[in-house]
Each structure stands twice: as structure tokens, then as C-alpha cells.
Amino acid sequence: MVTVVDAVNLLKDYSSTDFLHDRGETAGEGDDRALVDLLVEQIEFADVVVLNKVSSATPEQRDAAWKIIQALNADADIVEADHGVVPSAQILDTHRFDYDKAHKHPLWYKELFGFQNHIPETEEYGIRTFVWRARRPLVPDRFKAFIDSIWPGVIRAKGHFWLATRPEWVGELGQAGALVRTQALGRWWATIPKEHWPDDADWRDHLFSKWDPVYGDRRQEIVFIGTAEMDEAAISAALNACLVPDLKEDRFDPLLFAHLPDPFPTWGQQEALEDA
């Protein structure tokens, strides 16, 4: 899978808040993706990224382009080019593409699900990563304020979270460039009767490896990928300040924080439940 990016404009486009329909580049009716969504999809899924127009790019633009690509997909081969001229052997019959493995290319996936306590090869390109983890739920309006703040040096963030007001829902956070999105990913297994769990020993072993006696599988896990400017301590401190106080109890009451203000949009079936 080969994708081509523009070394001159990649940083500008990655930082853009434009939507594809603003540029007349949609895939059809109902395509509401932002430009940065398209860039991320193409780079994270690729095996080879052709970095075009390198001779026209300034050293700063070229460096930024390399950092963005490495932060999104550390496995991709990066081929520099001008006018799209690339040796055919670098893009044809490489036998690199594996559809089943393509979703594991993104660096955020490797950090969140693939391996821990390692030194990523991307550090030689000035790319740093860390995963913020916590068990207690998030106070919604505090977390919303964090989302709306500026995160210097962060290129990509991805992960799941849970809000104190929505103890049944797995929230998903995705950040790329200037855009941060949140949505419902599904339900925590702790809220689903065990008779409906998959009857698979390996699956249950994996679930219980992340199980907490109070919160079940509910947890905060968000990976941040960025340059040297990214301040892990400051981001972690800001997120820790969004957590509810330590309950110091041996059980969790799902209704304990139902009264808290919640500025997030309604998620899925929650709307039907609220209207019932």
C-alpha cells in the first residue's frame, strides 16, 4: 500500500481544520471527514510513504514531514522524491502489504496494545511517546476543558476513557493535528452480564489481566505521540486533575456522580434511554 504526501504542505495540511467538502475532495455524499482525517488514514495504513517535492521544501518543512509520518506509522518505508519520480522497485512488487496487519501499523496501536516499557525506534527521529493510565473516572467538564486546551508538541493522541457520568460507556478519544474527537466505542464488560461474555478462555484471561476489583475493566488509557516539545509531566498532571477524588471504597456505585455537569454530546442508546 503506497501513499504520496507533499513535503511542502504536509505540516500545513496536518494542522488544518478544513473538511474535505471545503476543498471539493469528498468521496461522495455524506463524507464528512476533515482533511487531517484523510491524511491520517492514508499514512497509518500505508507500507510505503512517498514524500514528494522534497527539493522544494525547506529543511524545517522536510523535518516536520518526517516527524509526522514517523509519529503516525513507524513501520512505513519513507521514500523521498521530486515530481513523483520513484524507483519502481521501491513501490512495486514489494510484497509488504498484509491487510490483516495493516491496522497494527499506527504507532498509537503499538504503544497501546503492542508493547510496553520499551524504547521506540522513533526516538532517533525525535518522536516520543507515553501512555497515560488511570482507574478512577473523569469529571466531564474538567476533561472537556483539557480537550479544548492546547497540547504543545503533540502530533497524535488515541485511546479510551470513561466519564464519571457514563459508567457504562467506553469513550474513545482521537486527536490529529488541530482536531480532537470523542465518541462512544461501546460498553465496558463490567456492565454486561457474564452469561453474555464470549466463552473463550484466552479472551477471559486477557480481560481479567486488566480487571480491577472495584472498577472492573473500566480504565483510562490514552497514548500521546509527539516531539521533544511534548511535556509528559504537564499533560499527565492535567489529566490527573480531571479524575474524581480517590473513593477509598471496595465497590463502585454507578449513580454516585450522576449529578455532575456533562458537556459531552449524547452517545448512542443513551439518548433513547434519556427520552424513555
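Rounded to the nearest 5, what % of the DSSP beta bridges within the chain are antiparallel ones?
Counting only bridges with both partners in the chain, antiparallel ones make up about 75 percent.
Write down the Å³ per residue value for the convex hull defined by the alpha carbon atoms of the range 108-275. Walk me through the numbers on the way to the answer.
Details: hull volume 22.3 nm³, N = 168.
It is 133 Å³ per residue.
Ranking 21, 196 by Cβ neighbours within 10 Å, fewest first, what do you get?
Fewest to most other Cβ atoms nearby, the residues stand as 196, 21.
Order by neighbour count: 194, 67, fewest other Cβ atoms within 10 Å first, most last.
With the sparsest Cβ surroundings first, the list reads 194, 67.
Charges at C-beta only: +1 for Lys and Arg, -1 for Asp and Glu. How large is the resulting dipole of the chain about its Cα centre, in Debye rounded to 20?
Charge dipole, the chain, about its Cα centre: 700 debye, nearest 20.
Taking the beta-carbon count within 10 Å as an exposure proxy, list 92, 247 from fewest neighbours to most.
Working: 92 10, 247 14.
Placing the least packed residue first, the sequence is 92, 247.
Quick one: net charge of residue 208's neighbours, Cβ under 12 Å, K/R +1, D/E -1?
Taking every Cβ under 12 Å from that of residue 208, the sum is -1.
From the C-alpha coordinates alone, can you work out the Kirkwood hydrodynamic radius of the range 2-98, in Å?
14.1 Å
We did not get these values from a lab; they are worked out from the coordinates using the rules stated. These numbers were taken from a predicted model, which means no experiment stands behind them. Because the Cβ atoms are built from the backbone with ideal geometry, glycine has one as well, and the counts that use them run over all protein chains shown.
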